[in-house]
1. Let me check I've understood the local charge: for residue 61, count other residues with C-beta under 15 angstrom from its C-beta, Lys and Arg +1, Asp and Glu -1. What total comes out?
2. Go ahead and estimate [θ] at 222 nm for the chain from helices alone: -39,500 (n - 2.57) per DSSP H run with n ≥ 4, summed, over the residue count, rounded to 500.
3. Nothing charged except the Cβ atoms of Lys and Arg (+1) and of Asp and Glu (-1): what's the magnitude of the dipole of the chain about its Cα centre? Round to the nearest 20 debye.
4. Return an integer: the convex hull volume of the alpha-carbon atoms of the stretch 110-207, in Å³ per residue.
5. Once phi is turned into θ = phi - 60°, what whole-Hz ³J(HN,Hα) does the Karplus curve with 6.51, -1.76 and 1.60 give for every residue of the stretch 149-158, x standing for Gly and Pro?
6. Relative to the compact globular guide of 2.2 N^0.38 Å, what is the alpha carbon radius of gyration of the chain, as a ratio?
7. Please give the helix 110-120 orientation as an angle from the longest Cα principal axis of the chain, in degrees from 0 to 90, rounded to the nearest 10.
8. Got a number for carbon plus sulfur as a percent of the chain's accessible area, 1.4 Å probe?
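The values are calculated or read from the model by the stated rules, or taken from the named source; none is laboratory data. Note that this is a predicted model, so its numbers are computed, not measured. Because the Cβ atoms are built from the backbone with ideal geometry, glycine has one as well, and the counts that use them run over all protein chains shown. Side chains included, ligands, DNA and RNA excluded: accessible areas come from the protein's heavy atoms. Shrake-Rupley method; radii C 1.70, N 1.55, O 1.52, S 1.80 Å.
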Amino acid sequence: NMEKIPRSVKIGIVAVIATSTGFVIFKKFLNRAKFEAAQKKWNAIGKDIVILHQFPRPTTSLNLSPYPAKLETFLRLAKIEYVCDYEYPKHPKTQKSPWITFNGQDVADSQLSIEFLTKKCDCKDLNNLGPKEKAISKAFRALMEDHLYWIIVYDRYVEHQGKHLKTFMPAINEYHRTIAVRKMTRQCYNQGLSRLGKGDIQRMGVETLQVHTIFPKTFQARY
């Protein structure tokens, strides 16, 4: 019953709530000001230079996530000038990585960024594929990014609990490893794959890899 609570306690509760609310608002203000300052810095880098926002590099590869590595590989092959930003690896709205800033315009998602830059920079088709080959390529990309990717996530973060992270990123501590494992385990569960049996998941992954191995011979025979 609120009537039985002493007035001093009520005042204290209100003060705590007000202080907490004020702190949250102030923190959001600081974060926004910091982000706007970063945007000014990116815009000052120069015209037609891509700002590639991604996670910091591990010791043995372009990126621990395949999507930033995919986008950066495209930039290199297309010979598009770019600089990397590791301070804001996640897009402010989607909270996914990577994303790009190009002439003041932000674009989320690796594939959308590639399509955007292909038009803006007048890039030629790097694969030089015909209509049939493009359709097959898109199907394989979906197979890898929407299926095989989650099998890799399951293996890394659910099956092996992120034990590999120390190999790729020696500076990572136990706290951040635990946070990464919890986050990716939750995503894998929400996606649905990790709800299957352990043996079934590995079998699906092996079969997917075998398709990629067998397909080139079949492709050459038909086309």
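1. Numbers: positive: 57, 70, 76, 156, 166; negative: 72.
So the surrounding residues net to +4.
2. On the way: 8 runs with 125 residues, N = 223.
-18500 deg cm²/dmol, from helical runs alone.
3. Values: 36 positive and 20 negative charges, 107 e Å.
Using only the charged Cβ atoms, the result is roughly 520 debye.
4. Details: hull volume 14.8 nm³, N = 98.
Output value, Cα hull per residue: 151 Å³.
5. 4, 6, 5, 5, 4, 4, 5, 6, 9, 9
6. On the way: Rg = 23.2 Å, N = 223, 2.2 N^0.38 = 17.2 Å.
Normalised Rg, Cα atoms only: 1.35.
7. The answer is roughly 70 degrees.
8. Working: 9010 of 15130 Å².
Of all accessible area on the chain, carbon and sulfur atoms account for 60 percent.
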